[in-house]
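J.: Here you go, one structure.
The values are calculated or read from the model by the stated rules, or taken from the named source; none is laboratory data. Just so it is clear, the model here is predicted, and its values are computed rather than measured. Glycine also receives a Cβ, built like all others from the backbone with ideal geometry; neighbour counts cover every protein chain displayed. Please note that ligands, DNA and RNA were not included when accessible areas were found on the heavy atoms of the full protein model with its side chains. Shrake-Rupley method; radii C 1.70, N 1.55, O 1.52, S 1.80 Å.
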Amino acid sequence: MVNIQDQLQNVNVLSSDLLATPEEIKRRLPLTQRAANTVFKSRQVVRSILERGDPRLFVIVGPCSIHDVVAAREYANRLKDLSARIDSTIFPIMRVYFEKPRTTVGWKGLINDPDLDDSFHIEKGILLARELLLYIAELGLPAGTEALDPIMPQYLSELITWTAIGARTTESQTHREMASGLSSPVGFKNGTDGSLAASINALQSVRRPHHFLGITQQGQSAVFRTRGNSHAHLVLRGGGGRSNYDAVSIAVAERELNTAQLPANIVVDCSHGNSNKDAGLQPLVAENCATQISDGNRSIVGLMLESHLRGGHQPIPKDLSTLEYGVSITDPCIDWETTERLLLKLHQVLQTVQR
């Protein structure tokens, strides 16, 4: 005889697997003092840039997504070496994205599917992500990521210097609440249609206290109460078939922020709608922003670039042994040589600017 009560919940759930708690994961891969120092100092720098205490530009640069930790380590070492040559004007933060939002379907990132085969060994993915973040922090290099799953910050957040809330989730109350409690500065992207309303609303919301459900380090459900994140800011990424990094668009964003009584802090994402999804146009966007700064703009505080060891992108093949090393499996990226030339050129321009 069928029990009706069994037909009222988990009707479409095939199975569930227990996941190690944040506390257990951190016991296996503990935060080191060197890594902690990197993140603490880096967050202070970003906050100081946002508060106009530090005149530098922060640049979040790195692969569209992380799928190969060996290639990611090589990229991190190259970026760390370059940082020493440009750190008087530019504060580089490595882009380390482990979760990928999808409009329909597709690979959801290293945490969800570390083996690239729809096997979804999520605990393995969390361990790989945390191990890579520890490596990067111990190099003395800050890391930036997108916060997608509201539980994941409990596993990784103390290793993150800067956090993005993506265009698809800027309108999400869950993500606004989560961001209000994050310890890192948070950038909210404008909507996928290019409009600013959702991101402006998000910034007003995230700076206020919130109450929401989450899990503790011990994996127990709890109600979290936050004070609000005062270092939330706007990220312009274009959309709706148009860009929004030009001087007029920046002025419009400044006006909207001022009307909403928000600080005029703008990060320009040089990819996505701002490059018309053509990775090769990212340097032109970045150079345009540097020219605006040189001409007197003071609201552009950061840039985002999608960059990898090699340019372009590739589909995930059935035979994973044929994956091309150092090439993105999500959005196309510029190669390392282009990245290095671009950052050195930006550094040269910014040296002449009194901010």
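J.: Go through the residues of the stretch 299-311 one by one and say whether even a single one is open to solvent by less than 30 Å² (accessible area, probe 1.4 Å) and at pLDDT below 95.
T.: Applying the first criterion (open to solvent by less than 30 Å² (accessible area, probe 1.4 Å)) to the stretch 299-311 yields 299-309.
Now restrict to residues that are at pLDDT below 95: none.
Checked against the condition, which is being open to solvent by less than 30 Å² (accessible area, probe 1.4 Å) and at pLDDT below 95, the stretch 299-311 yields no hits at all.
J.: On the basis of being hydroxyl-bearing (Ser, Thr, Tyr), open to solvent by 60 Å² or more (accessible area, probe 1.4 Å) and without any contact (Cβ under 8 Å) to a residue 40 or more places away in the chain, does residue 192 make the cut?
T.: When the stated conditions are applied, residue 192 does not pass them.
J.: Right, here's the next one. Would you be able to say whether some residue in the stretch 59-66 is under 24 Å from the mean Cα position of the chain (by Cα) and open to solvent by 50 Å² or more (accessible area, probe 1.4 Å)?
T.: Let us first name the residues in the stretch 59-66 that are under 24 Å from the mean Cα position of the chain (by Cα), namely 59-66.
From what's left, open to solvent by 50 Å² or more (accessible area, probe 1.4 Å): none.
The answer is no, given that none of the residues of the stretch 59-66 is under 24 Å from the mean Cα position of the chain (by Cα) and open to solvent by 50 Å² or more (accessible area, probe 1.4 Å).
J.: Go through the stretch 242-253 and count every residue that is charged (D, E, K, R) and open to solvent by 60 Å² or more (accessible area, probe 1.4 Å).
T.: 1
J.: Which of the numbered conditions does residue 85 fail, given that it passes all the others? Conditions: (1) in a strand (DSSP E or B); (2) over 19 Å from the mean Cα position of the chain (by Cα).
T.: (1)
J.: Going through the stretch 115-127 one residue at a time, which ones are in contact with a helix residue (DSSP H, G or I) (Cβ under 9 Å, 6 or more places away or on another chain) and surrounded by fewer than 19 Cβ atoms within 10 Å (Cβ to Cβ)?
T.: 115, 116, 117, 123, 127
J.: Look through the stretch 208-225, keep the residues that are assigned to a loop (DSSP other than H, G, I, E, B) and in contact (Cβ under 8 Å) with a residue 40 or more places away in the chain, and return whichever of them is farthest from residue 148 (Cα to Cα).
T.: Top of the filtered list is 218.
J.: Looking only at residues in the stretch 3-39 that are of a type in the set (Gly, Ala, Ser) and not in a helix (DSSP H, G or I), which one is surrounded by the fewest Cβ atoms within 10 Å (Cβ to Cβ)?
T.: Going through the qualifying residues, I end up with 15.
J.: One residue is enough: does the stretch 129-141 have a residue meeting the conditions of a type in the set (Phe, Trp, Tyr), surrounded by fewer than 19 Cβ atoms within 10 Å (Cβ to Cβ) and either within 24 Å of residue 192 (Cα to Cα) or without any contact (Cβ under 8 Å) to a residue 40 or more places away in the chain (or both)?
T.: Scanning the stretch 129-141, I find no residue that is of a type in the set (Phe, Trp, Tyr), surrounded by fewer than 19 Cβ atoms within 10 Å (Cβ to Cβ) and either within 24 Å of residue 192 (Cα to Cα) or without any contact (Cβ under 8 Å) to a residue 40 or more places away in the chain (or both), so the answer is no.
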